[in-house]
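Before any comments, here is the structure.
Where a number appears in this text, it was derived from the coordinates with a stated rule and is not lab data. This is a predicted model, so every value here is computed, not measured. Virtual Cβ from ideal backbone geometry, glycine too; neighbours counted across all protein chains shown.
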Amino acid sequence: MGEMSACGIVVPTDWVPLPLEPSDDVKDWAKRTAAELRDRSKAAGYELDKRTLRKELRARADDSRSRDPFYAFAFFPDGFDTALAVLEVDLIHPDETVPSITLEWLAKAFSADDFGTPQISHTDLPVGSAVRIRQDFAADSASRVEPGVLMETLTYGILPAGAESAVMLLVSWTVPGITEEMEAAADSIAQTVTVDL
């Protein structure tokens, strides 16, 4: 068993990488990325407000940075000035409390029954064995007076062959009616995970 020296992932172009390094200038990144997204949407026949896009990009980046994942992406299809979903990838390393990471431990540690029993299945990906967890949570609303919203998630806990650590891939969304599309996207992106030992 070895330690991972790198982890890779391939996402479609409408998944925008979020700046996670402490040295990243989020304000400047949001300004540049908003202009790129606005131009891309304009070419597809949509008009977007650059200020709304900048604000949304900064909010998504700040939210992901608060969790410090390995990678983070926000889903901005053409014509949308808000992210429809977020994808985060993180690494889970064994320690004194969990000396050996297993699929069973990942399923238990990363599932909850906030809104019904999670749908848990096992699968094999090109990089190794994985547990797939589809579940819903109550997400906080933007303000204290508004009710919370339903956050849908699809999580992959992946044990790359020959590695001691696990790769966690989480896709989350709160927009109703896109579950099938988001599950298909997450399933497809999980197939692209690679690691170097």
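Quick note on region 1-92: its Rg to Rh ratio, both from C-alpha atoms and Rh being the Kirkwood radius, is 1.02. Here region 72-90 is scanned for amide nitrogen atoms under 18 Å from the site 7 Å beyond the Cα of LEU150 along Cα-to-Cβ, giving 84-86.
Maximal additional length on extending the ASP90-GLN191 stretch stands at 34.8 nm, based on 0.36 nm per residue less the C-alpha distance. Pairs of Lys residues in region 1-155 are counted when their Cα atoms are under 22 angstrom apart and they lie 8 or more places apart or on different chains; the count is 7. The simple Förster model, with R0 at 35 Å and r as the Cβ-Cβ distance, assigns SER23 and ALA109 a FRET efficiency of 0.65. Sequence-ordered 3J(HN,Hα) estimates for region 85-95 from the Karplus curve with 6.51, -1.76 and 1.60 and θ = phi - 60° stand at 7, 10, 10, 10, 10, 9, 10, 10, 9, x, 8 Hz, glycine and proline given as x. Our estimate of slack between SER129 and ASP62, defined as 0.36 nm per intervening residue step minus the Cα-Cα distance, is 20.9 nm.
Close amide H partners of THR192, meaning residues 5 or more places away or on another chain with modelled amide H under 5 Å apart, are VAL10. With the Kirkwood sum run over all distinct C-alpha pairs, the chain has a hydrodynamic radius of 17.9 Å. Under 5 Å from the amide H of SER129 lie the amide H atoms of LEU159, ALA161, each residue being 5 or more positions distant or on a separate chain, with H modelled from the backbone and absent for Pro and chain starts. In the chain, the calculated helix contribution to ellipticity at 222 nm averages -9000 deg cm²/dmol per residue, counting -39,500 (n - 2.57) for every DSSP H run with n ≥ 4. Placing pseudo-labels 7 Å out from each Cα toward the beta carbon at ALA35 and VAL175 gives an inter-label distance of 2.5 nm.
If R0 is 25 Å, the Cβ-Cβ spacing of THR52 and ALA138 corresponds to a FRET efficiency of close to 0.45. Loop sites here are GluC sites (Glu not before Pro) outside DSSP states H, G, I, E and B with no more than 14 other Cβ atoms within 10 Å. The longest part of the chain free of them is 97-197. Taking amide H as placed 1.01 Å from N in the peptide plane, the amide H of LEU91 sits under 5 Å from that of PHE70, MET168, each at least 5 places away or on another chain.
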